[in-house]
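The structure appears below as structure tokens.
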Amino acid sequence: MIDDGAKEHLHGDLREIREVLLQKLEGLGEYEIRRPLTRTGTNLLGLVKHLALWESRYFGEVFDRPFPEPLPRWDDLGQRGTDLWATEQETREEIAGRYRRAWTHSDATIAALALDSPGHVPWWPRPRVTLFAVLVHMLTETSRHAGHADILREQLDGWTEAAIGERDEAFWAARRDRIERAAVKAARTGRGHDG
């Protein structure tokens, strides 16, 4: 059985990556945080809104500890995808605040339950789960979206977690050009092709 040390380690990682995700909004205007940066409309504020909803649901409904604010039904097809972008009426503060309230609720659930506590995820093929499975899932999901946010933020203003400021633009341009040349050369020589 996995012990409480493992639970605290996973929970600590989740706490840390949540904060990282919100940091991606800092220093950007309303348009930048809402702007669709992929063909499917992925944007920074939408990622936060999405995680607020699903963290509320996973550490709420799944363990019969409902989040105290209304949530759309998980099986409402008309609501699918609306959690991935912010309407003009929704503010950054509202969405970030909801995400922080979801953290508080989730943290209480994680603290109150043992890792082997049972839950039920009706939208999963195997709906019977444990807190451990949901904690790992939510850590993975949050980390995945934080990675998306890293790329979106770099597209917007070049900011990354790396010490990018320690290098000048000429360094980064040269690096990108070197990577581009390697990609072109590999494509010409057929390297990397399967079969």
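Nearest 10 degrees is fine. How inclined is helix 131-157 to the longest principal axis of the chain, computing both from alpha carbons? Tilt of helix 131-157: around 30 degrees.
Given the Cα-Cα distance of Arg15 and Glu166 and 0.36 nm per residue of separation, how much length would full extension add, in nm? Display every interim value, and only then the final one.
Working: separation 151, 0.36 × 151 = 54.36 nm, distance 2.78 nm.
Separation in residues times 0.36 nm, less the Cα-Cα distance, equals 51.6 nm.
Between Asp13, Asp76, Asp157, the Gaussian network model of the chain with springs among Cα atoms under 10 angstrom shows the greatest mean-square fluctuation at Asp76. For the chain, the C-alpha radius of gyration divided by 2.2 N^0.38 Å, with N the number of residues, is 1.22. Here the Karplus curve 6.51 cos²θ - 1.76 cosθ + 1.60, taken at θ = phi - 60°, turns the phi angles of segment 38-44 into couplings of 10, 4, 8, x, 4, 8, 5 Hz, with x standing for Gly and Pro.
Across segment 1-78, C-alpha contacts under 8 Å between residues 6 or more apart give a mean separation that, scaled by the residue count, equals a relative contact order of 15 percent.
Once backbone amide H atoms are built at 1.01 Å from N, Thr130 has Gly119 as its partners under 5 Å, excluding neighbours fewer than 5 places away on the same chain. Here the relative contact order of the chain, from alpha carbon pairs under 8 Å that lie six or more residues apart, stands at 25 percent. Computed over segment 40-119, the range of Cα coordinates on each principal axis works out to 39, 27, 21 Å, biggest value leading. Between Arg39 and Gln89, residue separation times 0.36 nm minus the direct Cα-Cα distance comes to 15.7 nm.
Label-to-label distance for Glu8 and Asp75 is 4.1 nm, based on points extended 7 Å past Cα in the beta-carbon direction. For segment 50-62, 3J(HN,Hα) computed residue by residue from phi via the Karplus equation (6.51, -1.76, 1.60; θ = phi - 60°) reads 4, 5, 4, 5, 6, 5, 4, 6, 5, 9, x, 3, 4 Hz, glycine and proline entered as x.
Can you give the Kirkwood hydrodynamic radius of segment 81-125 from its Cα pairs, in Å with one decimal? Evaluated over segment 81-125, this radius sits at 13.2 Å. Ignoring ligands, DNA and RNA, what percent of the 1.4 Å accessible area of the chain is carbon and sulfur? Reported share for carbon and sulfur atoms: 53 percent. Accessible area per residue for the chain is 61 Å², calculated with a 1.4 Å probe on protein heavy atoms, without ligands, DNA or RNA. Provide, for q = 0.13, 0.16, 0.26 Å⁻¹, the log10 of I(q)/I(0) from a solvent-free Debye sum over equal Cα point scatterers in segment 1-85. Listed by q, the Debye log ratios stand at -0.57, -0.81, -1.25. I'd like the distance separating the alpha-carbon centroids of segment 94-154 and segment 24-74, in whole Å. First find each Cα centre; the distance between them is then 12 Å. Helix content alone sets the calculated 222 nm mean residue ellipticity of the chain: runs of n ≥ 4 DSSP H residues at -39500 (n - 2.57) each, divided across all residues, give -19000 deg cm²/dmol.
The values are calculated or read from the model by the stated rules, or taken from the named source; none is laboratory data. Values in this document were obtained by computation on a predicted structure and should not be read as measured data. Note that we place each Cβ from the backbone using ideal geometry, even for glycine, and neighbour counts take in every protein chain shown. With ligands, DNA and RNA removed, areas are computed over all heavy atoms of the protein, side chains included. Shrake-Rupley method; radii C 1.70, N 1.55, O 1.52, S 1.80 Å.
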